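Each reported figure results from applying straightforward, stated rules to the coordinates on display, with no laboratory input. Since the model is a prediction, treat every value here as computed from it, not as a measurement. Reconstructed Cβ throughout: ideal geometry from the backbone, glycine too, with neighbour counts over all protein chains shown.
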Amino acid sequence: MSNELKSFLEGLDSLAHDCESRKGQACSLNELDELRIEFLGRKGKLAQSMGALGKLDNTDKPAAGKKANEIKQSITALIDSWQAELNAAESGKAMSQFDPTMPGRKPWAGSLHPVTLVMDEVCDVLTGLGFEHAAGPEVENDWHNFEALNIPPEHPARDMQDTLYVSEKIVLRTHTSGMQIRSMLKQEPPLAVIAPGKVYRRDSDLTHTPMFHQIEGLLVDKNVSMGDLRGTLTVFVRQVFGPKTEVRFRPSFFPFTEPSAEVDISCVMCGGKGTSDGKTCRICKGTGWVEILGCGMVDPNVFKSVGYDPEVYTGFAFGLGIERIAMLKYGIGDLRMFFENDVRFLEQFA
Ligand code: PHE
């Protein structure tokens, strides 16, 4: 064997030993990759040793080539085996960090919409006071929605700007007050009903949506007085907003009640002070009061349109907007939140 061949073969052997001795240095898959490139890469140590092959005698080349292949294979096998070890170690580590006894993530089961929550609560309080639940159509005729409620044809409330018309005499109900008429036509006094539901108006801005929810209340009997109305609504408000809530009745006008009033409650945000955190309260704008509903004593003309004798019976009615109550109760500043159905908003009511 020529000396050149001998030193070529020895060079290959020492390359293999060199690689074997490096085992401890490749602690990660990345480091191992670097080691693989250092020995087997295109410009790596093996490739460099192979450079000397061309200078060998032709008779020595077969033996040199064979050895070079063997060394390449053994280095490859070595690095592959280390890689397998590292892979096993890493997945073992991952498994040891994984706690199979840990409870799984609970899927979000959904929650009631805040409008539904408030609607349910308001209904509960009122049924607790003895009111019975009534339901009627959202597509209503002109007579129930307007005419029978003492709203004559030229009344501004019937203006095309407020009312969504299905046809000349059919509308999407603009309020739940038509349910007063339907309830009175169905039964003789005494009666105490509530009618919750959707109402529609041609209105859309920051504080108005074309559809929203109302609840109507109506009580008719002999000798019903304004005092009964005040007492009932005061109890109602304190159950919904808390026992310390102040209630104020402000004169107002509705065609179907006489006298009419709007009810304000002490501001839910500032408690009636008009300021919160030293600043003008953003909910009541500094007045200390927020409006929550409209009400009044049933107008005799309404009784006449359903055939009740206004000389015998009196009654009160009230109507309130559910979204408005929900905004006050939960401190929601933007009406649109209720209709965007953003899960991040809705899941807060779970
Ligand atoms: N229907 C009135 C409205 O939509 C509210 C109301 C109901 C007022 C009953 C008085 C009596 O604004």
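Couple of notes before you dig in:
- The fraction of Cα-Cα pairs per 5 angstrom bin, counted from 0 for the stretch 305-346, comes to 5, 16, 20, 13, 7, 6, 7, 10, 10, 5, 2 percent, rounded to whole percents.
- Of the GluC sites (Glu not before Pro) in the stretch 237-318, the ones in a loop by DSSP (not H, G, I, E or B) with at most 10 other beta carbons within 10 Å are Glu311.
- The mean sequence separation of alpha-carbon pairs under 8 Å and at least six residues apart, normalised by the residue count of the chain, gives a relative contact order of 15 percent.
- Alpha carbon centroid spacing (whole Å) that separates the stretch 309-331 from the stretch 189-213: 11
- Taking the square roots of 5 times each eigenvalue of the Cα gyration tensor of the chain, largest first, gives ellipsoid semi-axes of 89, 22, 18 Å.
- Gyration tensor (Cα) of the stretch 126-174, equivalent ellipsoid semi-axes in angstrom: 25, 13, 9
- Helix 226-241 axis, angle to the chain major axis (alpha carbon atoms, nearest 10°): 10
- Within the listed set Gly296, Gly44, Gly271, the Gaussian network model of the chain (springs between alpha-carbon atoms below 10 Å) gives the highest mean-square fluctuation for Gly44.
- Quotient of the Cα radius of gyration of the stretch 58-114 and 2.2 N^0.38 Å, N being its number of residues: 2.62.
- Unpaired by the 4.7 Å Cβ criterion, cysteines found in the chain: Cys19, Cys27, Cys123, Cys295
- 0 to 90° range, to nearest 10: angle between helix 114-128 axis and the chain longest Cα axis: 40
- Gln73-Arg105 FRET efficiency (beta carbon distance; Förster radius 51 Å; 0.05 resolution): 0.55
- Cleavage-rule hits, trypsin sites (Lys or Arg not before Pro), the stretch 54-110, DSSP coil, Cβ neighbours within 10 Å at most 12: Arg105
- Dividing the C-alpha radius of gyration of the stretch 3-96 by 2.2 N^0.38 Å, with N its residue count, gives 1.28.
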